[in-house]
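Student: One structure coming up, written as structure tokens, with questions to follow.
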Amino acid sequence: MSTATRRGTGVSAAVQALAARSRETVRGWPWWLQVTAIYIMARFTSAGIFMAAALHQGPNPWFPAKPDYWNFINIWDARWYSRVITNGYPTTLPVDGAGNVQENTWAFYPLYPSLSGALSRLTGLAPAASLTIVAMLSGLAAALVVYVLFRHKAASGPSLWAVAFFATFPVSAVLQVPYAEPLSLLLLAASLLFVVRRQYLWAIPVVVVLCLSRPVGVPFAAMLGLLLILRLVQRFRGGDDAARTSGRDLAALTILTAVAGLSALAWPAAAWVATGDIQAYTKTETVWRGHDLVPFKPWFDAGVDLFGPVLGVLAPFIFAALFGAMLYLPPVVRIGVELRLWCACYMGYLVMFLHPQTSTFRMLLPLFPLALGAALLSRSKAYRGTVVVMFVLLQIVWIVWLWAWAQLPGGGDYPP
């Protein structure tokens, strides 16, 4: 063996030994430090992508070309949340000359801007800064709660990998920008954790504020309703499941379901009271889609546009069937009935009410429990590492394609 070969072999062995020691050191850390390290590394990776994209950002509606990182992440909906902090919500819906409702702040739920506004007033920080701080801290807290939730269904290793999938998901960059998603995901994960633990009464205050963070109250209430029916059936049939479901549990779950249903209507009701228009919220929401809300129809319209008049009509049914079949795959079944019911109800809500567009990718984040199913699909480190790498590469696509602004031929740009 030549001297160079021996030297190269020695260096390789040293690197492998260092890597092994590093892995053992990390394994000795407490779970919260491991989760924090995973999440922070993911956010620094996203920050690097944001900064690289900002170097290529041209003229746009908000700031000069090639902005710094902080300006670059404070665009799109972040500007609307700043408006909420500064001006609140209108008591009269703005309309154009033809009487059509125009874009306004009622589309943006109040919890996130209220907390950020309070921080701004207490510290003297600008609204953009307080919005960013609340979002970043909420994202980290969400990752910690997600891990605790996953540990109820899997061992530490798969749960950590699932957190890595959650933290690097192609749209996970939104967890560090001034959007309501980080706070909403924190509250959603906490609500699901209480439900999985069957601590239904403890879940009530969390679910109430969850319904004021983003429009997820309707699918959450639907999930609870289906879970209540399932528990009643199990109680009636008897067996081990009936033994685990006490009358007190059923009563508490009934109360939580009712509270969630009422809370889901709280923000539309507030818009009605403030403006005097019972449709204030729905009118505002539909401004961005350009037409009235008709359940299911936008998905068929999008299907026809993408796949033609025949396959386009079938496409939503095929999509729903494939998603439903996925929920019965063995790795997904292992995440538990509560999390599977949530994913089914949330996707059903999107199919019923969402207008499919580029923002749809961002709205898939509440399906984060499926990250655990993906981690349980295989114990192969090569598979799990490949998923993380592919997610990071797709983050580049999402940020460059949708976050960076580039005017379309007809004006405007696709929203992230």
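Student: State all residues of segment 191-223 that are of a type in the set (A, V, I, L, M) and more than 19 Å from residue 144 (Cβ to Cβ); if no residue qualifies, say none.
Tutor: 201, 204, 207, 208, 212, 216, 218, 221, 222, 223
Student: Let me ask you something else. One residue is enough: does segment 228-242 have a residue meeting the conditions of a type in the set (Gly, Ala, Ser), without any contact (Cβ under 8 Å) to a residue 60 or more places away in the chain, over 25 Å from residue 353 (Cα atoms) and not in a helix (DSSP H, G or I)?
Tutor: Yes.
Student: If only one of 265, 250, 256, 322 is surrounded by fewer than 18 Cβ atoms within 10 Å (Cβ to Cβ) and in contact (Cβ under 8 Å) with a residue 40 or more places away in the chain, which one is it?
Tutor: Result: 265 is the single residue among 265, 250, 256, 322 that is surrounded by fewer than 18 Cβ atoms within 10 Å (Cβ to Cβ) and in contact (Cβ under 8 Å) with a residue 40 or more places away in the chain.
Student: What are the residues in segment 265-279 that are part of a helix (DSSP H, G or I), over 25 Å from the mean Cα position of the chain (by Cα) and not β-branched (Val, Ile, Thr), if any?
Tutor: Listed by number, the residues that qualify are 272, 274.
Student: Right, another one. For segment 105-140, which residues satisfy the criterion of being of a type in the set (Gly, Ala, Ser), in a helix (DSSP H, G or I) and more than 11 Å from residue 84 (Cα to Cα)?
Tutor: 118, 120, 128, 129, 130, 135, 138, 139
Student: Could you please find all residues in segment 188-227 being within 15 Å of the chain's Cα centre (by Cα) and not in a loop (DSSP other than H, G, I, E, B)?
Tutor: Those that are within 15 Å of the chain's Cα centre (by Cα) and not in a loop (DSSP other than H, G, I, E, B): 188, 189, 190, 191, 192, 210, 217, 219, 220.
Student: Taking residue 51 as the residue in question, decide whether it is part of a helix (DSSP H, G or I), hydrophobic (A, V, I, L, M, F, W, C), farther than 26 Å from residue 151 by Cα and modelled with pLDDT of 75 or more.
Tutor: yes
Student: Moving on. Would you point out the residue of segment 69-105, among those that are of a type in the set (A, V, I, L, M, F, W, C) and over 24 Å from residue 414 (Cα atoms), that is surrounded by the most Cβ atoms within 10 Å (Cβ to Cβ)?
Tutor: 85
Student: Next question, about the same structure. Can you tell me which residues in segment 74-104 are β-branched (Val, Ile, Thr), within 17 Å of residue 130 (Cβ to Cβ) and in contact with a helix residue (DSSP H, G or I) (Cβ under 6 Å, 6 or more places away or on another chain)? Please lay out each step first, then the result.
Tutor: Residues of segment 74-104 that are β-branched (Val, Ile, Thr), as a first pass: 75, 84-86, 91-92, 95, 101.
Narrowing the set further to residues that are within 17 Å of residue 130 (Cβ to Cβ) leaves 75, 84-86.
The answer is 84, 85.
Student: Got at least one residue in segment 153-164 being of a type in the set (Ser, Thr, Tyr), in contact with a Pro (Cβ under 8 Å, 6 or more places away or on another chain), surrounded by 19 or more Cβ atoms within 10 Å (Cβ to Cβ) and not in a loop (DSSP other than H, G, I, E, B)? Can you show your working first?
Tutor: Step one: of segment 153-164, the residues of a type in the set (Ser, Thr, Tyr) are 156, 159.
Narrowing the set further to residues that are in contact with a Pro (Cβ under 8 Å, 6 or more places away or on another chain) leaves none.
Checked against the condition, which is being of a type in the set (Ser, Thr, Tyr), in contact with a Pro (Cβ under 8 Å, 6 or more places away or on another chain), surrounded by 19 or more Cβ atoms within 10 Å (Cβ to Cβ) and not in a loop (DSSP other than H, G, I, E, B), segment 153-164 yields no hits at all.
Student: Of the residues 70, 76, 62, only one is of a type outside the set (Gly, Ala, Ser) and closer than 30 Å to residue 273 by Cα; which?
Tutor: Going through 70, 76, 62 in turn, the sole match is 76.
The values are calculated or read from the model by the stated rules, or taken from the named source; none is laboratory data. Quantities reported herein were computed from a predicted structural model and do not represent experimental measurements. Quick reminder, even Gly has a Cβ in these numbers, built from the backbone with ideal geometry, and neighbours come from all protein chains shown.
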